[in-house]
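First comes the structure, then the notes that go with it.
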Amino acid sequence: MTNALHLDVPAGVPWIDFTREFDAPVAAVFDAHRDPAKVVRWLGPRGYEMVAERWEFVSGGGYRYVHRDPDGNEYWFRGCFHTVRENEFALQTFEFEGMPDEVALEFMTFEDLGDGRTRLRGRSIGRTVEGRDAMVSSGMETGMAEGYAQLDELLAG
């Protein structure tokens, strides 16, 4: 089953809030964010290839990866994992290298709903409202929704 992505993009402020529920335990959802072999199978739009040059989902770790669309266009991303608490919380920076200087600070909370279900709750705070709006207009919501649908498939698999 695919659960809906709920995105809140309030006018006039540089942040985005999201929630998404999964029919899987917290430990499995957290591990799918930590393990680079799993991350490359679900993160990003359907039909894109992801290659993780670096993925260290630990406090003080970092990441850099590329998404390749079906036409071979590349989109590079990078950031640092400031704080990661097992099965509970992650705080990271996020930068699309095509928009330098528009680094976002992102918080993710992994909530145990009981009965083997998880709620992922996040906030992404951009440097400017314009930068946040550019990220939203780039197709971010579709990419997130498709990525989380792929995560559902991985978790069910």
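The values are calculated or read from the model by the stated rules, or taken from the named source; none is laboratory data. All values derive from a computational prediction rather than experimental measurement. When we count neighbours, we look across all protein chains shown, and the Cβ atoms used for this are built from the backbone with ideal geometry, even at glycine. Please note that ligands, DNA and RNA were not included when accessible areas were found on the heavy atoms of the full protein model with its side chains. Shrake-Rupley method; radii C 1.70, N 1.55, O 1.52, S 1.80 Å.
Things worth noting here:
- Anisotropy class of the chain from Cα gyration tensor, a/c 1.5 cut: rounded
- GNM top mover of Asp112, Asp31, Asp71 - the chain, alpha-carbon springs below 10 Å: Asp71
- His82/Asp115 FRET efficiency (R0 35 Å; Cβ-Cβ; nearest 0.05): 0.65
- Take every pair of alpha-carbon atoms less than 8 Å apart whose residues are at least six positions apart; their mean separation over the length of the chain yields a relative contact order of 28 percent.
- Charge sum, other residues only, whose C-beta stays under 9 Å from Gly122's C-beta, Lys/Arg counted +1 and Asp/Glu -1: +1
- Distance from the range 85-127 to the range 5-55 (C-alpha centre basis), Å: 8
- Share of carbon and sulfur in the accessible heavy-atom surface of the chain [1.4 Å probe, %]: 52
- Cut-off under 5 Å, modelled amide H: who pairs with Ser59 long-range: Val84
- The residues of the range 95-157 expose, per residue, 52 Å² of accessible area to a 1.4 Å probe.
- Accessible solvent surface per residue of the range 1-41, calculated while the other protein chains remain in place, 1.4 angstrom probe, Å²: 48
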